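The values are calculated or read from the model by the stated rules, or taken from the named source; none is laboratory data. Predicted, not measured: the structure shown is a model, and the values here were computed from it. Cβ atoms come from the backbone with ideal geometry, glycine included; neighbour counts cover every protein chain shown. Just so you know, the surface numbers come from the protein's heavy atoms only, side chains and all, with ligands and any DNA or RNA stripped out. Shrake-Rupley method; radii C 1.70, N 1.55, O 1.52, S 1.80 Å.
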Amino acid sequence: MKIEVDFDESLFRHQQAYRFDNIWNNYRKSTENKFIWGLILLAFGIMLVLGKAMFGYIICGISLSRLFDSWSNWNTYKTKKKVQEELTNKYILKYIDYKQIYELTDESFNFTTPGYYQKIDWSEFTDYKLEENQIIIDIENYKDYAIIDRQEVGDDNFELIKEIVKARIIL
């Protein structure tokens, strides 16, 4: 099965945002938890210091360390997000007028854009899931995944691809 689709900027942005969030979501949550615990510890430490307990200074020091760590992690997250947005914009400018080709054969899943070709054997896929009218196929060796959107390939092709994926990827 071979499907040729026009490059869709809004779908591409959505897919890249999904990829970024999927990869960095745990990091962001961990950063938020460090910040919250840092604030809680700081409040507790200040109460101890005001109550004349010397142990409060240690708690304040620990909390400030957690707050600094969360601030550093948050800056890393924002930097990575900005880099991702710049790469997305660069890719869009490069491929806006081109077509993408999905080819599903008995042996592999192939993806082609001008200047780029990727052939992935079905055995390299480890999982798939359906989310937001998308088929998301996890790739073992690349630590990545392919995203095929219903809007991108059309309803009929989407259902065919879904059936092929279900038949080829054994969970």
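Apolar share of the accessible surface for the chain: 56 percent from carbon plus sulfur atoms, 1.4 Å probe. The loop-placed trypsin sites (Lys or Arg not before Pro) in the stretch 28-87, going by DSSP, that have at most 10 neighbouring Cβ atoms within 10 Å of their Cβ come out as LYS52. Take every pair of alpha-carbon atoms less than 8 Å apart whose residues are at least six positions apart; their mean separation over the length of the chain yields a relative contact order of 22 percent. Annotation: amide H-H contacts under 5 Å for ILE139 (H modelled 1.01 Å from N, sequence separation of 5 or more, or interchain): THR126, ASP144, TYR145, ALA146.
For the stretch 70-155, the list of GluC sites (Glu not before Pro) that fall in a loop by DSSP and count at most 14 other C-beta atoms within 10 angstrom reads GLU107, GLU132, GLU140. The residues of the stretch 44-111 present an accessible area of 69 Å² per residue when probed at 1.4 Å with all protein chains retained. Helix 55-95 and the longest principal axis of the C-alpha atoms of the chain enclose an angle of approximately 20°.
The region of the chain that goes longest without hitting one of the chymotrypsin sites (Phe, Trp or Tyr not before Pro) in a DSSP loop, each with at most 14 other Cβ atoms within 10 Å, is 1-97. Lysine pair count for the stretch 5-98 (Cα-Cα distance under 23 Å; residues 8 or more apart in sequence or on different chains): 15. With contacts taken as Cα pairs under 8 Å and at least 6 residues apart, the stretch 1-74 reaches a relative contact order of 30 percent. Of ASP21, ASP6, the residue with the largest accessible area leads and the full order is ASP6, ASP21 (1.4 Å probe).
Which of rounded, prolate or oblate describes the stretch 53-126 when judged by the alpha-carbon gyration tensor and an a/c cut-off of 1.5? Mind dumping the intermediate values first?
Numbers: a/c = 8.52, a/b = 2.48, b/c = 3.43.
It comes out oblate by the Cα gyration axes.
Sequence-distant contacts, meaning Cα pairs under 8 Å at least 6 residues apart, place the relative contact order of the stretch 90-171 at 19 percent.
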